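A.B. asks: Structure in structure tokens, see below.
The values are calculated or read from the model by the stated rules, or taken from the named source; none is laboratory data. Please read all numbers here as calculations on a predicted model, not as lab measurements. Don't worry about glycine lacking a Cβ; one is built from the backbone with ideal geometry, like all the others, and counts go over all protein chains shown. Heads up: the accessible areas ignore ligands, DNA and RNA and are worked out on the full protein's heavy atoms, side chains in. Shrake-Rupley method; radii C 1.70, N 1.55, O 1.52, S 1.80 Å.
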Amino acid sequence: MGTRQFCFSLALIAAFLIAAHSQEMEACTGITRTAKDGTCIVARTIEWGGSDLNSQYVVVPRGYTQHSFVPGGTDGMEFSARYGYVGLAVEQKEFIAEGINEQGLSAGLFYFPGYGKYVDYDPAMKSKSIADLQLVAWILGSCADVDQVKQAIEKIRVIAIDPRASTVHWRFTDTSGRQLVLEIIEGTPKFYENKLGVLTNSPGLDWQLTNLNNYVNLYPGSSTSKTFGNISLSPFGAGSGFLGIPGDVTPPSRFVRAAFYQTTAPEQDTALETVLQCFQILNNFDIPIGIEFAENQTPTDIPSATQWTSAADMKNRIIYYRTMYDSSIRSIDLKTIDFASVKYQAVPLDRTKQQPIVPVRIQ
């Protein structure tokens with residue numbers, strides 16, 4: 001990489017990461033569903049209202065070597081992929097936000113502003129330091145299951161490229177359906193067993209699970225009619241058992257909605273049916289442009305703050321996605337890729353930025 005290109009890349013990274021510090025622009029919602037055949041599916045949205053993330057899918061072969069970004073350079077920890085993987089990257093091909101490897105391990109990052117704190121960057125520890133936005137790539141290339149993830153994290157130091165940027169936390173799921181969430185607080189990594197399978201942003205997972213107790217009164221179906229003195233009260237329509245569920249787009253409210261929508265959804269027979277169900281559930285978390293901007297601000301010229309939605313089938317090694325420009329669901333089957341010979345590639349998620357419309361032919 002030439003000096004001019006190197007400086008441009010760091011400037012782009014800094015601009016992206018500093019913008020990420022603005023909580024009004026970022027949001028991610030993750031859910032987990034299991035089919036009747038035991039196949040676990042993890043799905044998520046990624047929201048960014050500040051600009052087009054220019055997202056790409058990245059195919060990484062076995063043996064591919066990268067270096068981590070560090071403050072002021074790109075010569076941090078060197079890491080090579082033991083396993084091949086496919087990831088969905090944001091802003092730069094190195095920043096994998098969600099992905100799955102050939103062993104069936106899924107990994108993804110979620111913004112975590114105001115609560116996480118990494119260790120300070122120490123140049124003397126550069127060879128063990130990895131940028132937070134590259135941790136997913138390293139884990140996918142190094143680990144086969146969540147136990148290996150825990151062991152791997154003990155060997156490295158997760159750092160920020162720019163101390164002004166938002167921190168993130170991570171979700172890891174393997175073929176057994178076991179899911180771990182990693183949060184780094186005051187420089188100390190902490191893993192949570194995420195049996196619920198829901199994840200959003202701040203505050204931390206432990207707080208979000210406790211907050212669910214505030215909604216113990218919610219239940220699926222409709223509430224019963226009641227009489228107050230001489231007045232009879234009846235629900236206006238179906239679903240009144242969920243009356244009071246929070247409808248705003250803050251992370252705690254999205255967590256509550258995701259938890260109730262996920263746990264009340266009927267179990268599907270197959271993995272594909274479960275994938276499609278996850279996309280349907282996550283429709284409820286699309287964020288339209290405008291809601292995050294004050295009246296005196298000009299909204300970004302993109303169709304949606306929900307830039308893409310993905311689902312990963314770890315058992316069958318397939319990752320699915322759709323975007324704000326094309327709502328059709330596309331898939332990449334890792335079983336069709338020879339990770340020993342495939343070339344590294346990064347390809348835009350959308351060839352064109354216009355929703356394709358398929359006309360119905362009437363005969």
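A.B. asks: Which of the following residues is at negative phi, in contact (Cβ under 8 Å) with a residue 60 or more places away in the chain and open to solvent by less than 20 Å² (accessible area, probe 1.4 Å): Ser253, Ser310?
C.D. replies: The conditions single out Ser310.
A.B. asks: Here is a follow-up. If the Cβ limit is 7 Å and pairs must be 6+ apart or interchain, which residue in region 287-299 that is more than 17 Å from Cys28 (Cα to Cα) pairs with which residue that is surrounded by 10 or more Cβ atoms within 10 Å (Cβ to Cβ) and among the aliphatic types (A, V, I, L, M)?
C.D. replies: Listed by first residue and then by second, the contacts come to Pro299/Ile289.
A.B. asks: Given region 294-363, what strands (runs of 3 or more DSSP E) lie entirely inside it while holding 1 or more residues that are farther than 19 Å from Val58 by Cβ?
C.D. replies: Once the strands (runs of 3 or more DSSP E) in region 294-363 are filtered for at least 1 residues that are farther than 19 Å from Val58 by Cβ, what remains is 306-313.
A.B. asks: Turning to a different aspect of this structure: Please enumerate the residues belonging to region 126-166 that are acidic (Asp, Glu), assigned to a helix (DSSP H, G or I) and more than 19 Å from Lys93 (Cα to Cα).
C.D. replies: If the condition is that a residue be acidic (Asp, Glu), assigned to a helix (DSSP H, G or I) and more than 19 Å from Lys93 (Cα to Cα), then Asp147 is the only one that fits.
A.B. asks: Given the structure, is Lys190 of a type in the set (Lys, Arg), surrounded by 11 or more Cβ atoms within 10 Å (Cβ to Cβ), without any contact (Cβ under 8 Å) to a residue 24 or more places away in the chain and more than 14 Å from Gly244 (Cβ to Cβ)?
C.D. replies: It is true that Lys190 is of a type in the set (Lys, Arg), surrounded by 11 or more Cβ atoms within 10 Å (Cβ to Cβ), without any contact (Cβ under 8 Å) to a residue 24 or more places away in the chain and more than 14 Å from Gly244 (Cβ to Cβ).
A.B. asks: Pick from region 76-127 the residues that are in contact with a Gly (Cβ under 7 Å, 6 or more places away or on another chain), charged (D, E, K, R) and open to solvent by 20 Å² or more (accessible area, probe 1.4 Å): which of them is nearest to Gly187 (Cα to Cα)?
C.D. replies: So, considering only residues that are in contact with a Gly (Cβ under 7 Å, 6 or more places away or on another chain), charged (D, E, K, R) and open to solvent by 20 Å² or more (accessible area, probe 1.4 Å), the one nearest to Gly187 (Cα to Cα) is Lys117.
A.B. asks: Give me a count of the residues in region 55-102 that are of a type in the set (Asp, Glu), modelled with pLDDT of 95 or more, over 30 Å from Ala305 (Cβ atoms) and part of a loop (DSSP other than H, G, I, E, B).
C.D. replies: 1
A.B. asks: Hey, another quick one. Return yes or no: is Gly241 surrounded by 11 or more Cβ atoms within 10 Å (Cβ to Cβ), on the phi > 0 side of the Ramachandran plot and touching a residue at least 12 places away in the same chain (Cβ under 8 Å)?
C.D. replies: no
A.B. asks: Among the residues of region 266-293, write down those that are open to solvent by 30 Å² or more (accessible area, probe 1.4 Å) and not in a loop (DSSP other than H, G, I, E, B).
C.D. replies: Answer for region 266-293, where residues must be open to solvent by 30 Å² or more (accessible area, probe 1.4 Å) and not in a loop (DSSP other than H, G, I, E, B): Leu272, Glu273, Leu276, Gln280, Asn283, Asn284, Pro288.
A.B. asks: What are the pairs, 6+ residues apart or on separate chains, where a residue within region 347-362 that is open to solvent by 90 Å² or more (accessible area, probe 1.4 Å) has its Cβ under 6 Å from a residue that is at pLDDT 95 or above and assigned to a loop (DSSP other than H, G, I, E, B)?
C.D. replies: The qualifying pairs are Lys353/Tyr325.
A.B. asks: Residue check, Trp138 against (1) buried (at least 19 other Cβ atoms within 10 Å of the Cβ); (2) under 19 Å from the mean Cα position of the chain (by Cα); (3) within 21 Å of Gly197 (Cα to Cα), all met but one. Which one?
C.D. replies: Going through (1) buried (at least 19 other Cβ atoms within 10 Å of the Cβ); (2) under 19 Å from the mean Cα position of the chain (by Cα); (3) within 21 Å of Gly197 (Cα to Cα) one by one, Trp138 breaks only (3).
A.B. asks: In addition: Restrict the check to region 81-90 and report whether at least one residue is closer than 30 Å to Pro288 by Cβ, in contact (Cβ under 8 Å) with a residue 60 or more places away in the chain and among the basic types (Lys, Arg).
C.D. replies: Looking for residues that are closer than 30 Å to Pro288 by Cβ, in contact (Cβ under 8 Å) with a residue 60 or more places away in the chain and among the basic types (Lys, Arg), one finds none in region 81-90, hence no.
A.B. asks: Please go through (1) within 18 Å of Met314 (Cβ to Cβ); (2) more than 14 Å from the chain's Cα centre (by Cα) for Val216 and return the number of the only condition it doesn't satisfy.
C.D. replies: (1)
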